[in-house]
Amino acid sequence: MLTGAIAGVIACEEPKEIGLPPTTPVDVFYTDTISVQRSTILLDSTRSYLSKNFLVGRYSDPTFGKIQATAYSQLSLGGITFEPKDGSTAIPAEQLVYDSTRLYVTVSYVYGDTLQSQELRVHRLTQPLSTTINYDINTSIPYESEPIARRTITPQPNTTRQVSFTVSDAFGRDLLSIANKDAAKTNAAFQEQFRGLAITSQSATNAALLGFEAIDANSIAFVRLFYHKTGATTSSTQDFLLSGARFNQIKADRTGTPLANLGPQQALRPSAVGGRTFIQTATGVTTKLQFPGLDNLKQQGRIAINRADLIITPKAPPSGLYYLPPFLALGEVNAQNRLIRTTPNQFLQLVQAPQVLFDRIESSWTAPQVAQYDSRTKSYTVQLSGYFQSIIAGLTPNNGLAIITPGLSSLSPVNSQGGLSFAQYYYVNDQVTQAVLDGDASAKLIVFYTVSR
């Protein structure tokens, strides 16, 4: 771990023209000796509400331990329900005959061993979900012990495919029983009777985590009821969406791993684990970066940060079963190692575009910077000039940044059902990945700055 502040080992050049009046004495400097202090922290709350993926399954590795994920979701009405579809007089429920019921999900993400099968089970919730609660990975909602569906799945890497489950006839008949009744007219009435579903893994092996796409606008995960009218020779269908409130519960057993003694809001120094720090944000584990050298930099005079590149170079994962995050972002933390969020919308305060010296009102946080993994350099590069300048100007406390691992390259506001929403909700913790930073060179700063006196 690099310790101490900038030591004065600075390579510098004074350009002949830098665009300032000649009467202003200035110097332009370059330095790669500003220290980056790393530590591993365990976040006390890791939100998974409205994640892009339902995460289900379990896996184990020697670094991050045994991980198990369970997905929870409301069940919602899929548009106009039952017969008739044209708005004419309703067909009496006794003329609707039950055929069968299936659950459809789209598997788009696999993390772990794709050669071992897992049995997945679907259960009815016994307690409703709420759209006003930001559920995190530690939340548990009770569900019925007897599943309404089960299926054994063997994952297929690098593919997207639809998978269906046969749902119990008892559950399907319950769905049909609400045909043309009040419970089929509004989601509120429907969800009083059908509180939602939990998808669990009952595999005896620690094989893999699966991701089922769950963005509401695409209606990708749904229950389809098949029925027919008395005397009809073909079936009709009615869909019920896994949409509305949803979250992933993610449990981690780190016994026997380097992270076994890591507790919430604690900081595990690299010196205690062979110079390493760890990143698996979806389970609450991440690396905190601090920049103590900035305080000494300010003592040189009036400082303008021209460019500041943070280069993060992780180790390659230990096997082909696990992989690095496709993207990194950096979020502000307070002195208690908690991620800072805005008021009132609870956006993460992620480092913004490099040229922005923001004023720290909520609208300042609408264009987070996301760094993509560069397979050529085997690193991520984040530009911190705006963030550092905000610290130099006294607008931002120098408490450090936590590494976040989103599944998308943009976390800006997006148009979705119901109007404008923030992509952070969908993509910040939508998949499980891992990274290890080993040694001082794994997080390095290169800074160009101007000093005027």
Place a point 7 Å from Cα of ARG161 in the direction of its Cβ. Which residues in the range 42-62 have their backbone N less than 18 Å from it? 56-57
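Note down the magnitude of the dipole of the range 151-300 about its Cα centre, charges +1 on Lys and Arg C-beta and -1 on Asp and Glu C-beta and zero elsewhere, to the nearest 20 debye. List each step's numbers first, then the result.
Values: 15 positive and 9 negative charges, 57 e Å.
The dipole magnitude comes to about 280 debye.
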Can you pull the percent of the chain's accessible area that's carbon plus sulfur, 1.4 Å probe, other chains left in place? 48 percent
Tell me, what HN-Hα J-couplings in whole Hz come from the Karplus equation 6.51 cos²θ - 1.76 cosθ + 1.60 at θ = phi - 60° for each residue of the range 440-449, using x for Gly and Pro? 4, 6, 6, 9, 10, 9, 10, 10, 10, 8
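Please compare each pair in LYS181/LYS229; LYS315/LYS378; LYS52/LYS378; LYS66/LYS288 to a cut-off of 18 Å on the Cα-Cα distance and tell me which ones are over it. Don't skip to the answer; put the middle values down first.
On the way: LYS181/LYS229 16 Å; LYS315/LYS378 9 Å; LYS52/LYS378 27 Å; LYS66/LYS288 23 Å.
Too far apart for the 18 Å limit: LYS52/LYS378; LYS66/LYS288.
Please state the charge dipole magnitude for the chain, taken about the Cα centre, from unit charges on C-beta atoms (+1 on K and R, -1 on D and E), reported in debye and rounded to the nearest 20.
On the way: 36 positive and 33 negative charges, 90 e Å.
Computed about the Cα centre, the dipole is about 440 debye.
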Through the Karplus equation 6.51 cos²θ - 1.76 cosθ + 1.60, θ set to phi - 60°, convert the phi angles of the range 60-76 into ³J(HN,Hα) values in whole Hz; use x for Gly and Pro. 9, 9, x, 8, 9, x, 8, 10, 10, 10, 10, 9, 10, 8, 5, 10, 10
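Return one whole number: the accessible area per residue of the chain in Å², for a 1.4 Å probe. Write out the running numbers ahead of the final one.
Details: 19470 Å² over 453 residues.
Dividing the accessible area of the chain by its residue count gives 43 Å².
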Alpha carbon centre of the range 166-204 versus the range 311-326: separation in Å? 41 Å
Once phi for every residue in the range 160-167 is put through the Karplus expression 6.51 cos²θ - 1.76 cosθ + 1.60 (θ = phi - 60°), the whole-Hz ³J(HN,Hα) values, with Gly and Pro written as x, are 10, 8, 8, 10, 10, 10, 7, 9
Amide H contacts of ASP136 (H built 1.01 Å from N, under 5 Å, at least 5 apart or other chain): SER48
Please report the Cα spread of the range 325-453 along all three principal axes, rounded to whole Å, starting with the longest. 52, 35, 28
Taking H as built 1.01 Å from N, whose amide H comes closer than 5 Å to the amide H of THR433, not counting residues under 5 places away? THR281, ALA282
In whole percent, what relative contact order does the chain give with Cα contacts below 8 Å and a gap of six or more residues? 25 percent
Taking the range 36-170 on its own, what percent of its Cα-Cα pair distances exceed 20 Å? 63 percent
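The values are calculated or read from the model by the stated rules, or taken from the named source; none is laboratory data. Model, not experiment: these values are computed from the prediction. Because the Cβ atoms are built from the backbone with ideal geometry, glycine has one as well, and the counts that use them run over all protein chains shown. Calculation scope for accessible area: heavy atoms of the full protein, side chains included, ligands and nucleic acids excluded. Shrake-Rupley method; radii C 1.70, N 1.55, O 1.52, S 1.80 Å.
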